[in-house]
Amino acid sequence: MKVDVYNIENKIVESIEIPDSLFGERWRPALVAQVVTAHRANSRRPWAHAKGRGEVRGGGKKPWRQKGTGRARHGSIRSPLWVGGGKSHGPNKERDYTQKINKKMNRTAIFSILAKKFHSGEVKIVDGLAPKESKTKMLASALRTLTSVSSKVKRFDALLIPAVEEKNTFRAAQNLPKVKAIHPSSLNVYDILNHKRVFIAKEAVPFLTRHYHLS
C-alpha cells in the first residue's frame, strides 16, 4: 500500500510503498485489552509485604508453661493471635503478577492499534523528523507544526519512532511533557495507546519491515 510522507512543515512531499500489514491489520479490541493488561501486570512490582510469624522479632521463648496457669496454651508471642505478632495471609512481596503473552499476539496487537490510529489520521510518516541538534526547542517547534496545536498548548501528546541510529530525537524529547521517543524495536501497546499521535521517521520504516517480518 502507498502512504503519504510529510515533512516537518506538515506538507506532503512524496508517497512511499509500505507493507500492507504495517497499517492493514484489522481492529482487535479483545486482544489489545489482553496485551495491555499483561503489559501492566508485567511492569508491576509488589511492594506491600506483611511479616509472618517467622519474620517478626522476638518470640523465641514460650510465654508460660503449658499447664497449670489457668490460661490458654501459647507457644510464641509472635503468633498471629497476639498483638505485634505475624500477620496471616497478608500481602507478600514475593508474589508474581507476570502474565505470558506470546510474540505473535503482542505483534498483532501493536499493528492493530497502529492501523486504527493510521485510519483515524493519528499516525504520520515524517521525513526529517530528527532535529539537526539535540535541542528540545527545535523538536518542540517541529511537533507544534506537525500537530497543528496552538502556541499555548505545552503538551503535544506524541510518540516518536525515529531511525535506528538517530540519537538527537531521544535527547530532545526528554524534557517535553507527554512526548516520548522509543526505538523501533521497542514498540509496545501501552506507549502507542498512551499517546494520541504517532510520528514514524521515514528512515525507520525499512527497519520495522525487517524486524517485525512484515509483508
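The values are calculated or read from the model by the stated rules, or taken from the named source; none is laboratory data. Since the structure is predicted, the reported quantities are computational estimates derived from the model, not experimental observations. Here the Cβ positions follow ideal geometry from the backbone for every residue, glycine too, while neighbour counts run over all protein chains shown.
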Exercise for the section: Identify all residues within region 199-215 that are touching a helix residue (DSSP H, G or I) at 6+ places or on another chain (Cβ under 9 Å) and under 18 Å from Pro131 (Cβ atoms); write none if there are none. Expected result: Phe199, Ile200, Ala201, Ala204
Exercise for the section: Specify the residue that is nearest to the chain's Cα centre (by Cα); the eligible residues are those in region 195-211 that are within 17 Å of Arg107 (Cα to Cα) and surrounded by fewer than 18 Cβ atoms within 10 Å (Cβ to Cβ). Expected result: His211
Practice task
Give region 78-123 a look and list any residue that's of a type in the set (Gly, Ala, Ser) and either assigned to a loop (DSSP other than H, G, I, E, B) or not assigned by TED's automatic domain parsing to the domain that holds His195 (or both), or say none.
Solution key: Ser79, Gly84, Gly85, Gly86, Ser88, Gly90, Ser120, Gly121
Handout entry: Residue list for region 141-160, restricted to those being within 14 Å of Arg197 (Cα to Cα) and either in contact with a strand residue (DSSP E or B) (Cβ under 6 Å, 6 or more places away or on another chain) or free of Cβ contacts under 8 Å to residues at least 60 places away in the same chain (or both)
Key = Leu143, Arg144, Thr147, Val149, Arg155, Phe156, Asp157, Ala158, Leu159, Leu160
Completion exercise
Within region 158-181, residues being surrounded by fewer than 17 Cβ atoms within 10 Å (Cβ to Cβ) and either in a strand (DSSP E or B) or out of contact with any helix residue (DSSP H, G or I) (no Cβ under 6 Å at 6 or more places or on another chain) (or both) number 8
Exercise for the section: Go through region 1-26 residue by residue and tally those that are within 28 Å of the chain's Cα centre (by Cα) and either over 25 Å from Arg210 (Cβ atoms) or surrounded by 13 or more Cβ atoms within 10 Å (Cβ to Cβ) (or both). Expected result: 13
Completion exercise
Filtering region 123-145 down to residues that are surrounded by fewer than 18 Cβ atoms within 10 Å (Cβ to Cβ) and either at positive phi or modelled with pLDDT of 95 or more (or both) yields Gly128
Fill in the blank from the handout: For region 1-23, the count of residues that are part of a loop (DSSP other than H, G, I, E, B) and either under 29 Å from Thr108 (Cβ atoms) or outside the structural domain of Ser141 (by TED's automatic domain parsing) (or both) equals 3
